[in-house]
Amino acid sequence: LLYQPIVSLHGIAGGHYEVTVRMLDESGEEIPPGEFIVAADQADLTKFVDRWIIANCLATLQAQTAKGQDTRFFMKLSQSSLTDAEFLPWVGELIKSFKLDTSALIFEIDESTALNHLAQSKVTIQGLKQLNCRVALENFGKEQNTFRSMQELPVDFIKIHGGLVKNLPQSVENQEVMKEIANHARDADMQSIAAFVEDPNSLAVLWQCSVDFIQGHFLQEPSPKLDFDFDGAF
C-alpha cells in the first residue's frame, strides 16, 4: 500500500490519505496498477484486490488510532465490488471485527461507473452510510450530466477530475467550472477535492475557487509512510 496526502485548504483537522496499491514481481520490482489491475479485471479478480486493500487499511487505521493519530483513508471501490452482492455483508462483518471510528473510512466510486450502475450505487452508498462510513465520487465533472450524480447520489466528497486541474491558471473556462462544482458541492453539503495538483499556481487558483481539499505530486507523491506534515503543509 502507498498513501498520498489529501490536504485541506481551510484547516480541516485530520490526516487524509488516498490509498493506492503496487504489486511486486518475483524480483521485488513494482508493477504499476495500470498493468496488474487490467489483468485482474480480465480474470474477474478486481473485487479481491479491493478486499485485500480494505482489510489492510483497517488494520493500518487501527494501528494509527492506537498511536493517537487522527487518520482517514480514501479507498477506491471498483465496478466489480460495486456490483457484487456480497460486498456490503463482507465489509460489514470486517468492520465489526475492528474497533474503529468508521467515519475515517471513505470509499471512492468513479462517477461514470456510479451513473452506469445507478441503482446498485444507491444501495451501496446507503449500506456504507449505515456502517457510518463515508463515500466520495471521483473523476467528477467528466460526464455531460455531471450534476445529476450530485442530485442522485448522497455522497460526502466530490473529487474533481484531473483534466479540469490541468492548465487551470491559464484556463478561465476551467476556473469557472471549478467554481461551479465547488459551489454546488457546498450547497449539497459535500466537500470538494481537486486531484493532480502539480504546481503552486494551481494551488492559488483552487483557493480562490473555494475548493476544500487538494491532492497531487506538488504536495507529495504516494509513499509507503504515513508521515506527511498536515499542520505545516502551507
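For Lys225, give me every one of the aspartates and glutamates with a C-alpha distance below 13 angstrom, ignoring sequence neighbours fewer than eight places off in its own chain.
Partners found: Glu18.
Relative contact order for the range 89-234: what percent, with Cα pairs under 8 Å and sequence separation of 6 or more? Numbers along the way, then the final one.
Values: 191 pairs, mean separation 24.4, N = 146.
Dividing the mean separation by the residue count of the range 89-234 yields 17 percent.
Of the candidates Gly127, Gly92, Gly34, which one comes out as most mobile in a Gaussian network treatment of the chain with C-alpha springs shorter than 10 Å?
Gly34
Over 29 Å between C-alpha atoms is what I'm after, so list which of Lys99/Lys179; Lys76/Lys166; Lys96/Lys142; Lys122/Lys142; Lys129/Lys166; Lys76/Lys142 land there.
Numbers: Lys99/Lys179 39 Å; Lys76/Lys166 22 Å; Lys96/Lys142 36 Å; Lys122/Lys142 20 Å; Lys129/Lys166 32 Å; Lys76/Lys142 18 Å.
Too far apart for the 29 Å limit: Lys99/Lys179; Lys96/Lys142; Lys129/Lys166.
Measuring with a 1.4 Å probe in the full set of protein chains, what accessible area per residue, in whole Å², belongs to the chain? All intermediate terms of the calculation are to be shown ahead of the outcome.
Numbers: 11570 Å² over 234 residues.
For the chain, the per-residue accessible area is 49 Å².
Trypsin sites (Lys or Arg not before Pro), restricted to the range 92-127: which are DSSP loop and have at most 14 other Cβ atoms within 10 Å? Write down the numbers at each step before the final one.
Values: sites: Lys96, Lys99, Lys122; in loops: Lys99.
Here the sparse-neighbourhood loop sites are Lys99.
How many percent of the accessible area of the chain is carbon or sulfur, using a 1.4 Å probe?
Details: 5610 of 11570 Å².
For the chain, the apolar C and S fraction of the accessible surface comes to 48 percent.
Please report the projected area of the range 139-234's Cα convex hull averaged over all directions, in nm².
Numbers: hull surface 26.2 nm².
With the hull built on Cα positions only, its mean projection is 6.6 nm².
For the chain, how big is the tail of P(r) above 33 Å, as a whole percent of Cα pairs?
Numbers: 3845 of 27261 pairs.
It works out to 14 percent of all Cα pairs.
Whenever you get a sec, line up Asp25, Asp227 from highest to lowest accessible area (probe 1.4 Å, protein heavy atoms).
Details: Asp25 55, Asp227 95 Å².
Ranking Asp25, Asp227 by accessible area, largest first, yields Asp227, Asp25.
How much length would be gained if the chain were fully extended between Asn201 and Lys96, taking 0.36 nm per residue of separation minus their Cα-Cα distance, in nm to one decimal? Walk me through the numbers before you get to the answer.
Numbers: separation 105, 0.36 × 105 = 37.80 nm, distance 4.43 nm.
Using 0.36 nm per residue and subtracting the Cα-Cα distance, I get 33.4 nm.
The values are calculated or read from the model by the stated rules, or taken from the named source; none is laboratory data. Only a predicted model underlies this, so the values are computations on that prediction, with no experimental measurement involved. All Cβ positions, even for glycine, are placed from backbone atoms using ideal geometry, and neighbour counts span all protein chains on display. Side chains are part of the model used for accessible areas, which takes the heavy atoms of the whole protein and leaves out ligands, DNA and RNA. Shrake-Rupley method; radii C 1.70, N 1.55, O 1.52, S 1.80 Å.
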